[in-house]
Amino acid sequence: MPIRSKTEPAKVPASEWQNPARAFGLLEGKSLQTGITLIRYVTDVVGEGPTLHVHPYDEVFIINDGRARFTVGDRTIDAEAGDLVLGPANLPHGYQNLGPGRLETLDIHLSPEWIQFDLARAWNRSSVLLSADSKVKPDATE
């Protein structure tokens, strides 16, 4: 017989974890006593997206709408609606909207809380993302 879960069924209304004004949503798993955190990301701007960063846990990206170019370590991965991309723990990653039109992702963090270390403040908007090495700029204070 399976061991009964210690968590209970729950519903979290969109209004409690998504911010339509910012096209962003965050639900940390610890609020539901689970081991995953969800982030919803939406942008209509081609070239926009989360800049290079790392997490101390794996992250799974689901492309719900549109197309994205991911940098994961030294790999470039193009993905479109229905595709799934894995970002392994402690490997720099980020993505940009390839367009045309809207990009919507659901990013699943395999952690009960969102822990992120940013490596870059912005993408170079004059070009499409090509590699992690070309986008990481050391902080002047380091």
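The values are calculated or read from the model by the stated rules, or taken from the named source; none is laboratory data. Computed from a predicted structure; not experimentally measured. Virtual Cβ from ideal backbone geometry, glycine too; neighbours counted across all protein chains shown. Please note that ligands, DNA and RNA were not included when accessible areas were found on the heavy atoms of the full protein model with its side chains. Shrake-Rupley method; radii C 1.70, N 1.55, O 1.52, S 1.80 Å.
Inside the stretch 20-52, can you point out the residues that are open to solvent by 60 Å² or more (accessible area, probe 1.4 Å), basic (Lys, Arg) and modelled with pLDDT of 90 or more?
Within the stretch 20-52, just Lys30 meets the criteria.
When you scan the stretch 3-14, do you find a residue that is within 21 Å of Arg121 (Cα to Cα) and not charged (D, E, K, R), even just one?
Looking through the stretch 3-14, none of the residues is within 21 Å of Arg121 (Cα to Cα) and not charged (D, E, K, R).
When you scan the stretch 57-76, how many residues do you find that are modelled with pLDDT of 95 or more and touching a Lys or Arg at 6+ places or on another chain (Cβ under 8 Å)?
2
In this structure, is Gly47 on the phi < 0 side of the Ramachandran plot and small (Gly, Ala, Ser)?
No: the conditions fail for Gly47.
Could you list, in sequence order, the residues of the stretch 72-112 that are touching a strand residue (DSSP E or B) at 6+ places or on another chain (Cβ under 7 Å) and acidic (Asp, Glu)?
Correct list: Asp78, Glu80, Asp83, Glu104, Asp107.
Take residues that are of a type in the set (A, V, I, L, M, F, W, C) and tell me which of the strands (runs of 3 or more DSSP E) falling wholly in the stretch 27-129 contain 1 or more.
Per the criteria, 37-43, 59-65, 67-72, 75-80, 84-87, 103-109.
Go through the stretch 74-102 and report how many residues are in contact with a Ser or Thr (Cβ under 8 Å, 6 or more places away or on another chain) and under 18 Å from His55 (Cα atoms).
Count: 5.
Can you name the residue in the stretch 70-96 that is open to solvent by 50 Å² or more (accessible area, probe 1.4 Å) and touching a residue at least 40 places away in the same chain (Cβ under 8 Å) and is also farthest from Asn19 (Cα to Cα) among such residues?
Result: Asp74.
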